[in-house]
Amino acid sequence: MLYLTVKRETLISRLYLFPSNPGQIQAVEQQESKFQGSKRFPNTRPEQSFKLNSSFRLNIPCSTSITPPRIHLIHRDTTPSFFKVVMEITGIEMELIGDDERIVWKETLQKYEFITETHSTSAVLGAGGPAESSLTGSAEQQLRSVRTEFVKRVSRPALNELLDGLLQHTVINQEEMESVKVIAERAEKARDIIDMVLRKGTESCSRMINLLGELDPCLCSLLQINSVGVPT
C-alpha cells in the first residue's frame with residue numbers, strides 16, 4: 001500500500017509491506033488517517049507473491065532519505081512496517097529489491113499524476129484509481145467499472161487461484177479453464193478471465209467478486225469492490 005503526502009516542496013511517501021490481511025489494511029488506514037494530507041495511491045502488484053521471512057530494500061534514485069534500510073516480510077499483530085521516503089517533488093521511480101538483489105517490483109509515477117498546481121497537502125490524488133468510497137451497483141456493474149484496473153493490477157498467482165475457484169463453483173467449465181491457462185501473458189490472461197465472467201451475467205460476476213475477496217483482499221480494497229450475495 002502506497003501513501004503520499006505533499007508538504008511545501010517536499011514529497012513524503014510511505015510504502016507498506018505486509019502479507020495479505022484485511023486486519024492489517026485497516027490498521028494502515030487508521031494510522032494514515034493521523035497524517036494530514038495523506039492519500040492512498042493505487043500501485044501495481046508484483047508478478048509473483050513475496051515469500052514470508054524474506055527481506056527487501058527500496059531504491060528510489062532521487063530520494064533524500066529512505067528509512068528503514070530493509071524490511072522483513074513477516075506476520076505482525078501491530079501496524080505493518082513501511083518504508084518512509086523523503087524527496088523533492090518530482091517523478092518517482094521505485095524499485096523493491098529482494099535478498100538476492102533482484103528487482104521484484106517496480107513502480108513509476110509522473111509528477112502530474114499525484115499533484116496539482118497548488119502544491120498543497122490537499123493536492124495529492126489517487127490518479128487513475130477507483131474512488132475512495134466503495135462502489136455500488138450490481139456485481140456486473142462493479143466488475144465492468146474496475147475492468148481496466150483489475151487487468152493492470154491482479155497478480156499471476158491470484159489469477160491461477162481464481163481460475164480454480166471459478167471452475168469449482170461452475171462459473172466456467174473445464175474447456176474454458178484450459179483455454180485461459182495456456183495464455184502466457186499475465187494481463188491478457190486477466191482480460192480473458194474478466195471478460196469471460198462478464199459475458200455470463202450477474203450471478204457469475206457475484207461469484208468472481210466473492211472469490212477475489214477471499215484470494216486477494218488487498219486488491220479488492222484497492223478496487224473498492226464489495227462482496228455480494230449470489231442470486232438464487
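Spatially, region 72-101 and region 9-48 are offset by 10 Å when compared through their Cα centroids.
Using the Cα gyration tensor of region 143-213, with a ≥ b ≥ c the square roots of its eigenvalues, what is the shape: rounded (a/c below 1.5), prolate (a/b larger than b/c) or oblate (neither)? Taking the square roots of the gyration eigenvalues as a ≥ b ≥ c, region 143-213 is rounded. In sequence order, region 177-182 has phi-based couplings of 4, 5, 5, 7, 4, 6 Hz under the Karplus curve 6.51 cos²θ - 1.76 cosθ + 1.60, θ = phi - 60°, and Gly or Pro positions carry x.
Once the chain from residue 53 to residue 168 is taken as fully extended at 0.36 nm per residue, the excess over their C-alpha distance is 38.2 nm.
When every alpha-carbon pair in region 1-50 is counted, what percent end up more than 17 Å apart? Every Cα pair in region 1-50 considered, those over 17 Å come to 40 percent.
What pairs from 7/51; 34/106; 111/189; 7/152; 84/111 go past 23 Å between their alpha carbons?
In this structure, 7/51; 34/106; 111/189; 7/152 exceed 23 Å between Cα atoms.
Counting 0.36 nm for each residue step from residue 147 to residue 101 and taking away their Cα separation leaves a gain of 13.2 nm. Each residue of region 146-152 was assigned a 3J(HN,Hα) from its phi angle through the Karplus expression (A = 6.51, B = -1.76, C = 1.60, θ = phi - 60°), giving 10, 3, 4, 5, 4, 4, 6 Hz with x at Gly and Pro. With all projection directions averaged, the alpha carbon convex hull of the chain covers 13.3 nm². Under the criterion of Cα pairs below 8 Å and six or more residues apart, the relative contact order for the chain equals 21 percent.
Every read-out reported here was derived from the displayed coordinates using simple, explicitly stated rules and does not represent laboratory data. No experiment lies behind these values; they were computed from the predicted model shown.
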